[in-house]
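Data first, discussion second: the structure below is written as structure tokens.
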Amino acid sequence: MRVRGVTGLVAVLALVTTTPASAFADPARDRQWHLAALDVAVVHKITRGAGVSVALIDTGVDAAHRDLAGAVLAGYNTRDSRWNDKTGRRDVNGHGTNMAGIIAGRGHGSGDGVLGIAPAAKILPITAPVDGFSSSSFLAEAVDFAIARKAGVINMSFGGAGDETMHDTIRKAQAADIVLVASAGNRGDPGIYPGQYPEVLTVGAYRKDGKIAKFSVTGPQVDLAAPGADIVTTSIGATGYDLTDGTSEAAAMVSGAAALVRAEHPDLSAAEVVHRLTATADDAGPRGRDDAYGHGRLNLLKALTADVVPPSAAPPPAGAAEVPPDVADGSDLPAAANPMILVGAGGALLIVVVILLLLVRGRARRAGSADV
């Protein structure tokens, strides 16, 4: 993977975008295919995400972009003075600005520019040091800031090695009732934590044709799939736009969706928001949950409007059986979705039970004859 603009970043961080961005001129709106795919025009008649802030742990955000005017709060820059900014409102890499446009782009003029999933939400930028994304101490610092600023969602479009300290930080954010969203990772990424943690809503990417993208990492950790290929979004510079691919983009879509749900259903807990997003997803791939799409493709309209059974009362989804690691690690297809595994095991158990019953009956008959 190549990431533009920061020397040495790739060695320690998987900013989960697969290709270098290619810039082009406005109009960008016409090339945002995911807006129609997600029924965004209809959804925005219900809510646009007002009152919710999304903490974006990334490379900073170029707050001077015309499509982000009024959308970027004063955030936090961690220990790296080379960024020459303490509020996270600058970005010399572009990745963070890409994510901000997907989440909360507001466009400009009359229907021009990038429109985000939740354009009335606010972005709380938390800038990483160049060597910091793989650091548990950095993530703890970032999460503490997000909690203090009462973020409703945290977007983590990065991946790295995990440890118990990082997991403790994720648990802390969960306890603060924040929706945690992370990218599943791209083929060849060095690691996909925090996306492996069960407390995190982990997102894979699909293409315009609805098929899972080849670069999207699969596995039992995947909860949901969202658009992540050929995504037009904001870039650094007041008028810059990029065309990007990656599970980073897919995670940003779901962070925007979580902001919409929190705005429309403010009484829901973070766990209930996550449940609503997964329970209303459109099933894709093998029936039930699978390792490529998770519970399915994101459906914004249903997530906002459907009657959803609370998580405590909901039956386990079909295909949700735990997959042995030695099976899951070696295949793109979910072992739990293979009917031969489930039916074969059930058939073997039935045969054993029948044999035991026959043996017991035979012994009972012989015992009865002896008594006579």
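Among the residues of region 287-331 satisfying the criterion of being modelled with pLDDT of 95 or more and more than 19 Å from the chain's Cα centre (by Cα), which is surrounded by the most Cβ atoms within 10 Å (Cβ to Cβ)? Write out each step before concluding.
The initial filter retains those residues of region 287-331 that are modelled with pLDDT of 95 or more, namely 287-308.
Going one step further and asking which of them are more than 19 Å from the chain's Cα centre (by Cα), we end up with 287, 305-308.
Numbers: R287: 11, T305: 14, A306: 11, D307: 6, V308: 18.
So the residue we want is V308.
Answer yes if at least one residue in region 211-220 is within 28 Å of D282 (Cα to Cα), in contact with a Phe, Trp or Tyr (Cβ under 7 Å, 6 or more places away or on another chain) and not polar (S, T, N, Q), and no otherwise.
Filtering region 211-220 down to residues within 28 Å of D282 (Cα to Cα) leaves 211-220.
Filter again for in contact with a Phe, Trp or Tyr (Cβ under 7 Å, 6 or more places away or on another chain), leaving 212-213.
Next cut, not polar (S, T, N, Q) only: 212-213.
Yes, because at least one residue in region 211-220 is within 28 Å of D282 (Cα to Cα), in contact with a Phe, Trp or Tyr (Cβ under 7 Å, 6 or more places away or on another chain) and not polar (S, T, N, Q).
From the list D30, D39, which residue is at pLDDT below 95, under 30 Å from A303 (Cα atoms) and surrounded by fewer than 21 Cβ atoms within 10 Å (Cβ to Cβ)? Break it down into steps so the answer makes sense when it comes.
Details: D39 fails: at pLDDT below 95.
Sole residue among the options that is at pLDDT below 95, under 30 Å from A303 (Cα atoms) and surrounded by fewer than 21 Cβ atoms within 10 Å (Cβ to Cβ): D30.
Filter region 170-195 down to residues that are of a type outside the set (G, A, S), closer than 10 Å to I154 by Cβ and without any contact (Cβ under 8 Å) to a residue 60 or more places away in the chain and give me whichever is surrounded by the fewest Cβ atoms within 10 Å (Cβ to Cβ).
Filtering first and then ranking leaves I170.
Give region 144-156 a look and list any residue that's surrounded by 24 or more Cβ atoms within 10 Å (Cβ to Cβ) and free of Cβ contacts under 8 Å to residues at least 60 places away in the same chain, or say none. Before you say what the answer is, go through the steps one by one.
Of all residues in region 144-156, those surrounded by 24 or more Cβ atoms within 10 Å (Cβ to Cβ) come to 146, 151-156.
Within region 144-156, none qualify.
If you go through region 75-93 one residue at a time, do you hit one that is within 29 Å of K302 (Cα to Cα) and surrounded by 16 or more Cβ atoms within 10 Å (Cβ to Cβ)?
Let us first name the residues in region 75-93 that are within 29 Å of K302 (Cα to Cα), namely none.
For region 75-93, residues within 29 Å of K302 (Cα to Cα) and surrounded by 16 or more Cβ atoms within 10 Å (Cβ to Cβ): absent.
The values are calculated or read from the model by the stated rules, or taken from the named source; none is laboratory data. Note that this is a predicted model, so its numbers are computed, not measured. Positions of Cβ are backbone-derived with ideal geometry, glycine not excepted, and every protein chain shown enters the neighbour counts.
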